[in-house]
Amino acid sequence: MTRFLSVCAAVLVAVLVSVPAAGPVTAQGRGQPAKSQSSKSQNAKPPPNQPEASKPEAPKPDPTVLPYDRDLDRLAEVMGTLAFLRDLCGHGDGSAWRDRMNALMEAEGTTPERRDRLAGAYNRGFYGLQPGYRRCTPAADLLGERLMREGAALSRTITSRYGT
C-alpha cells in the first residue's frame, strides 16, 4: 500500500506541474481598516459635477483559488499526519512524507499565499495529533493505514478530475 501511495503522490506531482498557474493575488484592500469620515463629510452632498458614490463593488474571487484546492489542502494535511505517525510508530519513513510535501509545494506553491496555505495544512496534520499520541498504539497504526488509503484516494481524485 505504501508503494501504491508513493506512486500516486508522484503521479499527482507530475500532473500538477503541468497545470497552468493562475496570476498573482491582489490585496483589494484586505486587512486594511476602513477610513472613517467625519459626520460633517457624511452629510455633505457631492459637488454637482461628480456623481454620487455608488455602492461598493462585490469582492472579486481570488484568481489563485483552484477547483481542487480543498482536496489538495486535505492531502497536505494527511501527509503531515502520516509524517508524524509513521515516525512515531517506528516505520522510519516520516522524512519521505516531508519530501513528498516539499515536492507538492514546489509544484503547487505558485504564490506565497498558496505555499503558506499548503504548509499550514501540513503542519496542522503534523502537530494536530501530538497531544494525544505520545507513543505508537494500535489505534495510531490503524489511523496511519486509513490515512494512507485516504491520501491515495485524494491523489486519484485530483489527478482524474483535474489532471491533463
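The values are calculated or read from the model by the stated rules, or taken from the named source; none is laboratory data. The structure presented is a predicted model; accordingly, all values stated were derived computationally and were not measured. We place every Cβ from the backbone using ideal geometry, glycine too, and count neighbours over all the protein chains shown.
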* Could you give me the residue pairs with C-beta distances under 9 Å whose first residue belongs to the range 132-159 and is β-branched (Val, Ile, Thr), whose second residue is part of a loop (DSSP other than H, G, I, E, B) and buried (at least 17 other Cβ atoms within 10 Å of the Cβ) wherever it lies, and which are 6+ apart or on separate chains? => Thr137/Cys89; Thr157/Tyr68; Ile158/Tyr68
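Any residue that is part of a helix (DSSP H, G or I) and either touching a Leu at 6+ places or on another chain (Cβ under 6 Å) or modelled with pLDDT under 50 (or both) - is there at least one of those in the range 87-101? Step through it out loud before you land on a result.
The initial filter retains those residues of the range 87-101 that are part of a helix (DSSP H, G or I), namely 87-88, 94-101.
Filter again for either touching a Leu at 6+ places or on another chain (Cβ under 6 Å) or modelled with pLDDT under 50 (or both), leaving 97.
Yes: one or more hits.
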* To do: Scan the range 106-127 residue by residue and report those that are assigned to a helix (DSSP H, G or I) and either farther than 12 Å from Met79 by Cα or without any contact (Cβ under 8 Å) to a residue 12 or more places away in the chain (or both).
  => Glu106, Ala107, Glu108, Pro112, Glu113, Arg114, Arg115, Asp116, Arg117, Gly120
* Asked: Do you know which of the residues in the range 128-164 that are among the basic types (Lys, Arg) and not in a helix (DSSP H, G or I) is surrounded by the most Cβ atoms within 10 Å (Cβ to Cβ)?
  -> Arg134
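Consider the range 92-105. How many of its residues are touching a residue at least 40 places away in the same chain (Cβ under 8 Å) and within 12 Å of the chain's Cα centre (by Cα)?
Looking only at the range 92-105, we keep the residues that are touching a residue at least 40 places away in the same chain (Cβ under 8 Å), and these are 93, 96, 100, 103-104.
So of that shortlist, the ones also within 12 Å of the chain's Cα centre (by Cα) come out as 104.
Of the residues in that region, 1 qualify.
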* Asked: Any idea which of Met105, Met101 is crowded, with 22+ Cβ neighbours inside 10 Å and aliphatic (A, V, I, L, M)?
  -> Met101
* Only one of (1) over 25 Å from Ile158 (Cβ atoms); (2) modelled with pLDDT of 95 or more; (3) not aliphatic (A, V, I, L, M) fails for Glu77. Which number is that? -> (1)
